[in-house]
């Protein structure tokens, strides 16, 4: 695509691509990091990426439902963070480290 | 970004305005420090700084020189980046949040309208709450970066306190938001003009001398909000973070010199935001009791003759009115600090979670019910 | 280049850089602070999309509360730089990185093909009505159309609160050492 | 009360009794268990009476109370409701079932009071009644089949009630497996009928029955009804599947009375009467039914001659009487079949209960050679037994006379009857009179051969009251269906029975061809009654007056006696021809095919699965990040497929 117009005309695609990149970064974090808390943070990153695309669609299609969804996602994220941190704390209490490999003890 | 103006003239003025508001905030700090020192001395029946300049006013300059010339050091075990970044970040939320507080009626010049505030944002309350909630990072960064357990514990306490009281703070102003039906601070101020007017079930009661201020509608909200802002700005009686007997000086134990000053500026910035919001929510903002903005404009027109001059007059008079109220609240902050003893930490948490939060919730529910009833049973 | 365009690129780059540093920083505290930075810039992106209220909520809830909790917990743990920040296994690591890269490429490609095929069709809306109205519309949608979801979330939060308290107060359950 | 409610209570009352007793099956409180069970059945009986009264109050063509509780199965056009219908036929059945059932429950309280599993026993009994009511009331073949299987299950449970005795447990299994063979045929019959008519609702089936006779053996209706009849031979113990019923006497005697005499075994007859419009258009099936019925009647009667176990005699007698019923429905005398079903229920239940009373008095002794002269110890039992005996051998005016005679008359006079069928019936009646008299003589009359250690005593009132009630019914039960010739002779007594069943019984199309005179009927009646009287007299003399005469006769007939004594070696034949080859073939299949082919194949498959499993297990190592990687890979693949494809 023509480079100048890509740089100067900000459209829905720019936001969506930004969201995609953010999502992928978050996913890479989930796949690669070993610290549980960093994993949670990467998940938050992914959720934020999704939020961006929700708000983008909401803005460009003039529908408020997208923003309502963002609202819900934020609530879920907060809940997830609460539980995740509680889990991390209990893992830390036991192993003095918050490495994802300690969750392998949970497998049946 | 339309609030930045549409022409280059407007944008220029608005940018200048931003700088001015920031400078105002920063420059108010030395005055406040002087006030606090003199005030505390007055309360404690001593003199306070009175040697440098008249009434010790130049003490401020001397202090500034002292701060700037102090040795700049960082603890060895600490994290240098965070240690240095924390004071800088302390300024940012306070400064940005303060930008959103309206300080006078809009200035009309040659068909351009300039708001006397950093920038207007429609969801002003949410914006201010959001920005000021970032202040917790500053404290955490400072505590962590210092590499000292007192600092870290102080930071933990402070941030936990800020998060806890944010709930009560947010809920205490929900009543106000329900009452005015807007997030916009300017609109709130406009709605508080004129005499006190209650209208319910089709009946209207108008007071002859009381202004139409929020405090008469939301007394409980006002008390809760004011108490919560004390906790938010980490001042006595809620300054657990720097309880000297326990934690030396809390998160800024290791700080000195100019970095310490920046924390001061942040703290006073929070005080100023709190005072500005108190004024705006509950005390009519920049309004003057008994006289509406329009009447004041008319007076200016009669005195000075031209629209432009009348607008400037109007703006200046209301700016002074705002600053008067603002100063009163700042003084209350200082007065409380030197009057009340410090809470214990568990008392602090109990107060936040078990007293203020339920009261704020009850206030919200009651307000909602009354507003609903008032609009529903109109006959 | 207008201000809007500049702001978008500025925020986009800020977001991506801070997001990258979330993943790449070996010290989890830096990661957390970078994430807070990301949150703030995402809030700013919401502002450019005229979702002012959501931007505020993003700041209060995410940046103000959730991330502060993260940072507090991390600081409590007192973790130093991790020797092994990334999971072991060069082969799977390569697969993971490759998969994520391909995924990003695919999504970007999909979005790109979306324009090039000219299917975007959606008119860029005229300047949305004032944000106060937008917030009102949001609340109406929330409390009328999505009221069930709202209530369900309330229940979820209650359950989460109880569960979290139970989890953090437990003395270690079946694996208790004492 | 509405009839829906009544039907619901009628059905659910025994179920409630079953649950109440079933949940506390370890209890040995016979009084409580018996009260619950008897009460439940009594409630059902009250409902049945109420329903019957409602039915009587309706005009004859509207006598059909239906209820549909819910839609049970709905697959495409195949719809089955949990629907129940009370019409003239099922009304009689529920009256018999609940009436006789409550008497037998009452009797059981006395009979089973010493048993440890008495609560379980009553639970089974109630459950049996529930299933029997479903069988009888169900408005479609499938609903009926549910009851059909349910009673089979209860029969199995009750035959093997004393399962500690392996012979008794084996008898239960034998009954169950033999019934399975019949049930398979029943299911095939249902398939054929559904294929042909597209419904299993019996009312609709009867309405859809073709009007033209099906002369072919392979017609759908003929095949379908034939299959249903084979099902009936299993349940109702006809040739060739009758072998289970004599063994079923291993169960408690009241069970034999209720299930293996009065109710369950008549289900086949009931089913055929239910579907009589279908059977009528299949003359070949009818012929088979008639021949099988007649053959069974004679065969079972001959075996009955030599049996020495009191219950076995009665069992073969039951098989024989069931043969009569099938003979009746086979010649198109559905009303007569139902009539005999009812009277048989009365007197056979009576005799079984009487035998139970005897066994009870004799301390579980069942061999009639060790009895004799019990008349003076068991006066009430003896008296009621005599009533049953007179009824079964067809002495006028006892119940059996009317029903049996009607069957014999129809066997001769019906367009589908034949003189040979009548002869068979008459021989059966003669033999019946002989062996029943023999039973009476050996048990009650003559000199006592009772063991010295046994002191017979009359049963308690709770056992004798049912005997008395049933004895009364055995006398008067037949009066509802007095044949025309007699009624005209005596006075003008209407034949209630025919009027009652008339709307539901299809007339044979070729009926009006041959006219039979009343004289013929009188003559035949006289012949059969006199034959029965003579043989009864002979037996009486042989077994009471002239000791040793029986042995002489047996010796004179040598091989025939041996053949009969061994029940024609039917069981042995079944073992030799069917069961043993099947077992050895199965064993060979096990040794060669199973071990070498199937096992090895499954081992290979197992190895494959295990290998695959261990590979997959290595993927599932608890490493959450790897799981996430699989998800991402899946998304990548799906997305690239969507974009490229």
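The values are calculated or read from the model by the stated rules, or taken from the named source; none is laboratory data. Please read all numbers here as calculations on a predicted model, not as lab measurements. No Cβ is skipped: glycine too gets one built from the backbone with ideal geometry, and neighbour counts run over all protein chains shown.
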(request) May I ask you to verify whether residue D:563 is modelled with pLDDT of 80 or more, surrounded by 13 or more Cβ atoms within 10 Å (Cβ to Cβ) and in a helix (DSSP H, G or I)? (result) yes
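Rundown of residues vs (1) touching a strand residue (DSSP E or B) at 6+ places or on another chain (Cβ under 7 Å); (2) within 11 Å of chain C (Cβ to nearest Cβ), yes/no style:
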{"position": "B:157", "(1), (2)": "no, yes"}
{"position": "B:167", "(1), (2)": "no, yes"}
{"position": "B:174", "(1), (2)": "no, no"}
{"position": "B:181", "(1), (2)": "no, yes"}
{"position": "B:198", "(1), (2)": "yes, no"}
(request) Hey, can you tell me all the residues within region A:41-56 that are under 19 Å from residue A:100 (Cα atoms) and either facing chain C (nearest Cβ under 7 Å) or touching a strand residue (DSSP E or B) at 6+ places or on another chain (Cβ under 7 Å) (or both)? (result) A:41, A:42, A:44, A:45
(message) What's the number of the only condition in (1) surrounded by 11 or more Cβ atoms within 10 Å (Cβ to Cβ); (2) away from chain A (no Cβ under 14 Å) that residue D:623 fails to meet?
(response) (2)
(request) Report, ordered by the first and then the second residue, all pairs with beta carbons closer than 9 Å, sequence separation of six or more or different chains, a first member in region C:13-27 that is more than 7 Å from every other protein chain (Cβ to nearest Cβ) and assigned to a helix (DSSP H, G or I), and a second member that is modelled with pLDDT of 90 or more and surrounded by fewer than 24 Cβ atoms within 10 Å (Cβ to Cβ). (result) C:14/C:41; C:18/C:41
(request) Could you tell me which numbered condition residue A:104 fails, if it satisfies all but one of (1) out of contact with any helix residue (DSSP H, G or I) (no Cβ under 6 Å at 6 or more places or on another chain); (2) within 14 Å of chain D (Cβ to nearest Cβ); (3) touching a residue at least 12 places away in the same chain (Cβ under 8 Å)? (result) (3)
(request) Kindly indicate whether any position in region A:57-65 is modelled with pLDDT under 85, away from chain D (no Cβ under 13 Å), outside any helix (DSSP H, G or I) and touching a helix residue (DSSP H, G or I) at 6+ places or on another chain (Cβ under 7 Å). (result) yes
(message) With the structure loaded, tell me whether residue D:81 is touching a residue at least 24 places away in the same chain (Cβ under 8 Å), in a strand (DSSP E or B) and buried (at least 17 other Cβ atoms within 10 Å of the Cβ) or whether it fails that test.
(response) yes
(message) Show me the helices (runs of 4 or more DSSP H) entirely contained within region B:164-252 in which 3 or more residues are at pLDDT 80 or above and surrounded by fewer than 22 Cβ atoms within 10 Å (Cβ to Cβ).
(response) B:174-180, B:185-191, B:219-232
(request) Among residues belonging to region B:109-150 that are surrounded by fewer than 23 Cβ atoms within 10 Å (Cβ to Cβ) and free of Cβ contacts under 8 Å to residues at least 24 places away in the same chain, point out the one that is farthest from the other protein chains (Cβ to nearest Cβ). (result) B:111
(request) Could you tell me whether region A:72-88 includes any residue that is within 7 Å of another protein chain (Cβ to nearest Cβ), in contact with a strand residue (DSSP E or B) (Cβ under 8 Å, 6 or more places away or on another chain) and modelled with pLDDT under 85? (result) no
(request) Specify which of the listed residues (C:124, C:108, C:61) is at the interface with another protein chain (Cβ under 7 Å from one of its Cβ atoms) and either modelled with pLDDT of 80 or more or surrounded by 19 or more Cβ atoms within 10 Å (Cβ to Cβ) (or both). (result) C:61
(request) Report the residue count in region D:393-410 for those that are assigned to a loop (DSSP other than H, G, I, E, B) and over 16 Å from residue D:480 (Cβ atoms). (result) 3
(request) May I ask you to verify whether residue A:18 is in contact with a strand residue (DSSP E or B) (Cβ under 9 Å, 6 or more places away or on another chain), at the interface with chain C (Cβ under 7 Å from one of its Cβ atoms) and either modelled with pLDDT of 80 or more or closer than 18 Å to residue A:81 by Cα (or both)? (result) no
(request) Quick one: which helices (runs of 4 or more DSSP H) lie wholly within region B:285-379 and hold at least 3 residues that are surrounded by 17 or more Cβ atoms within 10 Å (Cβ to Cβ) and at pLDDT 85 or above? (result) B:307-337, B:357-376
(message) Could you check region B:185-196 and list, in sequence order, the residues that are within 14 Å of chain C (Cβ to nearest Cβ) and more than 25 Å from residue B:227 (Cβ to Cβ)?
(response) B:186, B:187, B:190
(request) Only residues that are in a helix (DSSP H, G or I) and either free of Cβ contacts under 8 Å to residues at least 24 places away in the same chain or crowded, with 24+ Cβ neighbours inside 10 Å (or both): list them for region D:128-142, please. (result) D:128, D:129, D:130, D:131, D:132, D:133, D:135, D:136, D:137, D:141
